[in-house]
């Protein structure tokens, strides 16, 4: 299975207010193994960045002035995520922004190009109800090193989320193993039949006498407690 762990940074909280994506990152994982392939791009939003948002991610409009617009990278981005299952923390937020950007280009929603969306925030709330389930809290809970996360950044957050997601869903690996068909042990009459004739060797008279003498010595030494004599 190909999964794409994805994160975005934006100019604000809502695309309905005209806010745009300024950074997008996607990390590839196949069969629960990170491949090292990723997509990462900063974007010129062509609008101001809310001060609150800038305090979160630290990305300035000046830094983005020479970066491409989403329209210039949209096909490259869609090619990378196509066919994969998206894994996103608080998926409605990121999917909402992605679909807003795609709609501005008269393109279909991102779900059209992908195999589905997994919301790790929803998953975390189901696993840990009533607890903090933001990315930092999950990193602490699952012992994922997030010491480099002083600010939000799409690529770093996607990489951290990949580790958190693997830790959260580790039990599914055991489940998949249990669901795998076990190798059947087939016993047939032929498998029980020796391929060569079985020869039985009987003890000689001398061997029987030696055995009886040994049992007698054991019985004498144990003061009549020799078990083998009692069985005979």
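Only the coordinates and a few stated rules stand behind these numbers; no lab work does. Bear in mind that the values here come from a model prediction, so they are computed numbers and not experimental data. Quick reminder, even Gly has a Cβ in these numbers, built from the backbone with ideal geometry, and neighbours come from all protein chains shown.
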Taking a ≥ b ≥ c as the square roots of the Cα gyration tensor eigenvalues, with a/c under 1.5 meaning rounded and otherwise prolate when a/b beats b/c, else oblate, which class fits region 68-109?
oblate
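In what order do 1, 168 fall by count of nearby beta-carbon atoms within 10 Å, going from fewest to most?
The order, fewest Cβ neighbours first, is 1, 168.
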Would you mind calculating the gained length between residue 48 and residue 123 on full extension (0.36 nm times residue separation, minus the Cα-Cα distance), in nm to one decimal?
23.6 nm
Could you calculate the contour length gain from residue 2 to residue 207, that is, 0.36 nm times the residue separation minus the distance between their Cα atoms, to one decimal place in nm?
66.6 nm
Based only on other Cβ atoms within 10 Å, what is the fewest-to-most ordering of 165, 142, 42?
142, 42, 165
Remind me, relative contact order of region 1-125 in percent, using alpha carbon pairs under 8 angstrom and six or more residues apart?
25 percent
Segment residue 215-residue 56, extension gain: residue separation times 0.36 nm, minus the distance between their alpha carbons
48.4 nm
Checked region 39-126 with the C-alpha gyration tensor, a ≥ b ≥ c its square-rooted eigenvalues, rounded below a/c of 1.5, otherwise prolate if a/b is larger than b/c and oblate if not; verdict oblate
